[in-house]
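Below is one structure, written out as structure tokens, with a few remarks after it.
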Amino acid sequence: MPKVSCDLHIHSALSPCASGEMTPKNIVNMALLVGAEVIAVTDHNSVRNSRAVAEAAQDRLVVVPGLEVWSREDVHILCLFANIALAESFGRYVFDALPNRLCEADIFGQQHLFDANSQVIGWEEKLLLSPTSLSVDEICHEAMRQGGVVIPAHVDKTYGMAVQLGFVPDHLGIRVVEVSKRGRQPPSTRSYPFITNSDAHNLSALAGSTPWKLDVTQLSPEGVIEALRKF
Ligand SMILES: [Zn+2]
Ligand SMILES: [Zn+2]
């Protein structure tokens, strides 16, 4: 199997900080235009658009279900799963750990829920743009217990593990870290390989992104998860 082109950190318009144009169809079409073969839509603390994006992609793209969890230490961690049921189960655990604060759309933006045709089917009412009560340890432990893979997001920037904690604890089961686009890998994380995703919050960021290459034995969410574990 040749290497496949990946972007494993994209926000849909469920993330209040993302543009309303980040619908399932638009994400899939733009990802195809930049040559991605595998994507993950990783909204803040929610997987609720993952299913719609996977359905919109049909068999044109592999969509790995996941989310970007915000820990109580203000660290962002990508948590990716081999199938939607596992991701949704973990998503409920994360959702329950969010404060009971409503999203005020005029301050934070709307949190859109879509169907596969990119029709708005509702809005997430609880504010997703918030730290959960979960620690980095709890997030990593529970995600892996549920079969997932954890990747510290943008380690070189605000909300990155190297910035917030100063290092990447070696007991968390982390195999690879994410460095932001145009960023540099912090010295404290250099014992880990790194990847660079778009972290796109709008279509132009996705359009300007370059997918990275991953060796997989099987072109499926399971195959991608297995490959990420082998880093
Ligand atoms: Zn982030
Ligand atoms: Zn992000």
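Values for this structure:
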{"item": "Any chance Ala116 is outside any loop (DSSP other than H, G, I, E, B), buried (at least 16 other Cβ atoms within 10 Å of the Cβ) and away from ligand 1 (no atom under 16 Å from the Cβ)", "result": "no"}
{"item": "Members of region 70-86 found to be more than 16 Å from ligand 1 (Cβ to nearest atom), part of a loop (DSSP other than H, G, I, E, B) and not polar (S, T, N, Q), listed by number", "result": "Phe81, Ala82"}
{"item": "Verdict on Ala36 being crowded, with 22+ Cβ neighbours inside 10 Å and not in a strand (DSSP E or B)", "result": "yes"}
{"item": "Members of region 44-64 found to be in contact with a helix residue (DSSP H, G or I) (Cβ under 8 Å, 6 or more places away or on another chain) and within 16 Å of ligand 2 (Cβ to nearest atom), listed by number", "result": "Asn45, Ser46, Val47, Arg48, Asn49, Ser50, Val53, Val64"}
{"item": "Residue identified as under 10 Å from the mean Cα position of the chain (by Cα) and small (Gly, Ala, Ser) among Ala54, Ala40, Ala36, Ala18", "result": "Ala40"}
{"item": "Any chance Gly91 is part of a loop (DSSP other than H, G, I, E, B) and among the small types (Gly, Ala, Ser)", "result": "no"}
{"item": "Selection within region 153-202 - not β-branched (Val, Ile, Thr) and not in a loop (DSSP other than H, G, I, E, B)", "result": "Met161, Ala162, Gln164, Glu178, Pro187, Ser188, Phe194, Ala200"}
{"item": "Some residue of region 32-42 being within 16 Å of ligand 1 (Cβ to nearest atom) and more than 25 Å from Asp215 (Cα to Cα)", "result": "no"}
{"item": "Residues that are within 27 Å of Met1 (Cα to Cα), within 16 Å of ligand 1 (Cβ to nearest atom) and either of a type in the set (Lys, Arg) or out of contact with any Asp or Glu (no Cβ under 7 Å at 6 or more places or on another chain) (or both), drawn from region 197-215", "result": "Asp199, Leu206"}
{"item": "The one condition in (1) surrounded by fewer than 23 Cβ atoms within 10 Å (Cβ to Cβ); (2) at pLDDT 95 or above that Phe81 fails to fulfil", "result": "(1)"}
{"item": "Subset of region 150-194 [surrounded by fewer than 20 Cβ atoms within 10 Å (Cβ to Cβ), touching a residue at least 60 places away in the same chain (Cβ under 8 Å) and more than 12 Å from ligand 1 (Cβ to nearest atom)]", "result": "Leu165"}
{"item": "Residue within region 126-139 that is within 16 Å of ligand 1 (Cβ to nearest atom), in contact (Cβ under 8 Å) with a residue 60 or more places away in the chain and part of a helix (DSSP H, G or I) present", "result": "yes"}
{"item": "Residues satisfying the stated conditions in region 65-86, i.e. within 15 Å of ligand 2 (Cβ to nearest atom) and β-branched (Val, Ile, Thr)", "result": "Val69, Val75, Ile77"}
{"item": "Number of the condition not met by Leu219 [criteria: (1) farther than 27 Å from His112 by Cα; (2) within 16 Å of ligand 2 (Cβ to nearest atom)]", "result": "(2)"}
{"item": "Members of region 203-222 found to be free of Cβ contacts under 8 Å to residues at least 40 places away in the same chain and either in a strand (DSSP E or B) or within 17 Å of the chain's Cα centre (by Cα) (or both), listed by number", "result": "Ala205"}
{"item": "Residues of region 119-141 satisfying the condition of being of a type outside the set (Ser, Thr, Tyr), surrounded by 15 or more Cβ atoms within 10 Å (Cβ to Cβ) and within 23 Å of Val53 (Cβ to Cβ)", "result": "Glu124, Lys126, Leu127, Leu128, Leu129, Ile139"}
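So that you can scan it fast, the table gives a plain yes or no per residue for (1) free of Cβ contacts under 8 Å to residues at least 60 places away in the same chain; (2) among the hydrophobic types (A, V, I, L, M, F, W, C):
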{"position": "His9", "(1), (2)": "no, no"}
{"position": "Glu21", "(1), (2)": "no, no"}
{"position": "Gly35", "(1), (2)": "no, no"}
{"position": "Val62", "(1), (2)": "no, yes"}
{"position": "Tyr93", "(1), (2)": "yes, no"}
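The values are calculated or read from the model by the stated rules, or taken from the named source; none is laboratory data. No experiment lies behind these values; they were computed from the predicted model shown. Note that we place each Cβ from the backbone using ideal geometry, even for glycine, and neighbour counts take in every protein chain shown.
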